[in-house]
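Each remark here refers to the structure printed beneath this line.
The values are calculated or read from the model by the stated rules, or taken from the named source; none is laboratory data. None of the values given here were measured: they were computed from a predicted structure. All Cβ positions, glycine included, derive from the backbone under ideal geometry; neighbour counts span all protein chains shown. Just so you know, the surface numbers come from the protein's heavy atoms only, side chains and all, with ligands and any DNA or RNA stripped out. Shrake-Rupley method; radii C 1.70, N 1.55, O 1.52, S 1.80 Å.
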Amino acid sequence: MSRKTKKTETKSIDDSKYKIETRLIYGKAVSPSWDYSHHLTPPISSTTTFRLDSVERGAQGFAEFAHSGKVKPDKTPIYIYDRLGEPNKDILEENLAYVEKGEMAVTFTSGMAAISAVLGILAKSGDEIISHHTLYGCTISLFNNWYPKFNIEVNYSDLTNLKNLEEKISDKTKAIYLETPANPNLDIIDIPQLRKIIDKINDKRDEKNKINIVADNTFATPFCQRPIELGADFTVHSLTKGISGFGTEMGGAVIGKKKYSDLLLLYRKDFGAVLNNRSAWTILTYGLPSLALRQKRQIDTAQKIAEFLESHKLIKYVNYPGLQSFKYYKLSQKLMRDFDGNFAPGSMIFFALKGKDAADSREKGRQLMNYIAKNAYTITLAVSLGNTRTLIEHPASMTHSVVPADKLEERGIDPGGVRVAVGLENADDIIKDIKKALKTIE
Ligand SMILES: *Cc1c(COP(=O)(O)O)cnc(C)c1O
């Protein structure tokens, strides 16, 4: 069968008529990046360089790279070299853009590479970024340890309260950066409200100086929330977590407007943090097609665990967007919706144990996690999240240890707080293991 016949045959399928969870299994019915005709699953593309046929084709490939305006959207790309682009990453990027409701996606070697890339194209020396004060530890480290060397100022603010934001924005502000739910305490930020404030300011600015909102959606995954739909300009991900889903791949992605795709591709080409083909293939083949199934299961389990913890006499508080007692319950209901519009409060829980004082609460948390590390079957002491296995960790000593002990509280992080990333085990089994561990604290 000629390629042409195949194209006309499959092109009659309108994939927009199908649900997102189905679409994540099949991808677009026809993609120009898909240059294999009869595979159900695309092969892992393991070539670093591509045969170019003629000098003219080579020259054409270089002329078209990162010049999307000059290339017809449905044209099969001229692949040159892995770091510029190759089929596995291109197909994954199409699916990531689709599921996050963006116009384009560019993948990177890790979540941190994606965060550095999006801020790398938005801010230059002399510019300012305003960031929510509660963030993943390495993002804080990037902002505090490296950006001063680039003369980029990061001003922290509590974005759960947007009242005073306008006063903090200066002519030099180029980006607002946030995670929602935030790592580790699950602060929720009202993106639609933030959008309104930024629009008002942007109205008075020329195109080059507009402020962009960048939201790290790693905790929620696109199944639970699509920040671009809510008003963000860019969504970033650590694909390492819930999107990859099995704890076997590292990756990152930036999703946003088409006009930024060329800059991001150039940035990736020159700074070099390119996603490994094999990881791209794995996320495309296992991660995204199983995302909805895994997230539904993890949400159900997280809700049960959160309710159990909340009812336990040794627990001081539980932060989980699905609990009515959660400070941001109403806002979470507005923002966190699955593909069908159901409330989708995610798979992350943050809680603390009661104690005589803060130090005692922290000590009890330490005992609980150490007991679990040695004795629990269904819970593992480990960083990361969105895994098949349930993981527990202590942010103040692990993922957020970059924050000095006396600065934790002003960043909204309880020094005694315990973070749970729910996996795919049976909920009652996980609760059984937590119950057993809590008994040793009494
Ligand atoms: C893990 C994580 C990152 C960093 O991702 P890597 O893939 O480990 O580089 C960024 N943001 C959040 C919220 C994370 O949890």
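Considering the range 146-205 alone, what residues qualify as being within 15 Å of the ligand (Cβ to nearest atom), over 22 Å from Lys330 (Cβ atoms) and touching a helix residue (DSSP H, G or I) at 6+ places or on another chain (Cβ under 8 Å)?
If the condition is that a residue be within 15 Å of the ligand (Cβ to nearest atom), over 22 Å from Lys330 (Cβ atoms) and touching a helix residue (DSSP H, G or I) at 6+ places or on another chain (Cβ under 8 Å), then Tyr177 is the only one that fits.
Within the range 219-270, work out how many residues are within 24 Å of Ile299 (Cα to Cα), open to solvent by 10 Å² or more (accessible area, probe 1.4 Å) and either among the polar types (S, T, N, Q) or not in a loop (DSSP other than H, G, I, E, B) (or both).
Within the range 219-270, residues that are within 24 Å of Ile299 (Cα to Cα), open to solvent by 10 Å² or more (accessible area, probe 1.4 Å) and either among the polar types (S, T, N, Q) or not in a loop (DSSP other than H, G, I, E, B) (or both) number 6.
Looking at (1) open to solvent by less than 10 Å² (accessible area, probe 1.4 Å); (2) under 16 Å from Val254 (Cβ atoms), which is the one condition that is false for His132?
(2)
Only one of (1) of a type outside the set (Lys, Arg); (2) under 23 Å from Gly137 (Cα atoms); (3) assigned to a helix (DSSP H, G or I) fails for Ile434. Which number is that?
(2)
What's the total number of residues in the range 304-349 that are within 30 Å of Lys101 (Cβ to Cβ), outside any loop (DSSP other than H, G, I, E, B), open to solvent by less than 30 Å² (accessible area, probe 1.4 Å) and hydrophobic (A, V, I, L, M, F, W, C)?
Of the residues in that region, 5 qualify.
Taking His394 and the conditions (1) crowded, with 18+ Cβ neighbours inside 10 Å; (2) more than 28 Å from the chain's Cα centre (by Cα), which numbered condition does it fall short on, given that it satisfies the others?
The number of the failed condition is (2).
Would you confirm, using the coordinates I've provided, whether Lys204 is open to solvent by 20 Å² or more (accessible area, probe 1.4 Å) and either in contact (Cβ under 8 Å) with a residue 12 or more places away in the chain or part of a loop (DSSP other than H, G, I, E, B) (or both)?
Taking the combined requirement at face value, the residue satisfies it.
Right, Ile211: more than 14 Å from the ligand (Cβ to nearest atom) and among the β-branched types (Val, Ile, Thr) or not?
Yes: the conditions hold for Ile211.
Checking Asn183 against (1) within 19 Å of Val254 (Cβ to Cβ); (2) not in a loop (DSSP other than H, G, I, E, B), only one condition comes out false. Which one?
(2)
Could you tell me which of the residues Ala352, Ala273 is open to solvent by less than 50 Å² (accessible area, probe 1.4 Å), assigned to a loop (DSSP other than H, G, I, E, B) and not β-branched (Val, Ile, Thr)?
Ala273
Working only within the range 355-380, note down all residues that are crowded, with 16+ Cβ neighbours inside 10 Å and among the aliphatic types (A, V, I, L, M).
Hits for the range 355-380 are Leu368, Met369, Ile372, Ala376, Ile379.
What about Leu194, is it out of contact with any strand residue (DSSP E or B) (no Cβ under 7 Å at 6 or more places or on another chain) and part of a helix (DSSP H, G or I)?
Judged against the criteria, Leu194 is not a match.
Every residue in the range 225-253 that is among the β-branched types (Val, Ile, Thr) and within 12 Å of the ligand (Cβ to nearest atom), please.
Result: Thr235, Val236, Thr240, Ile243.
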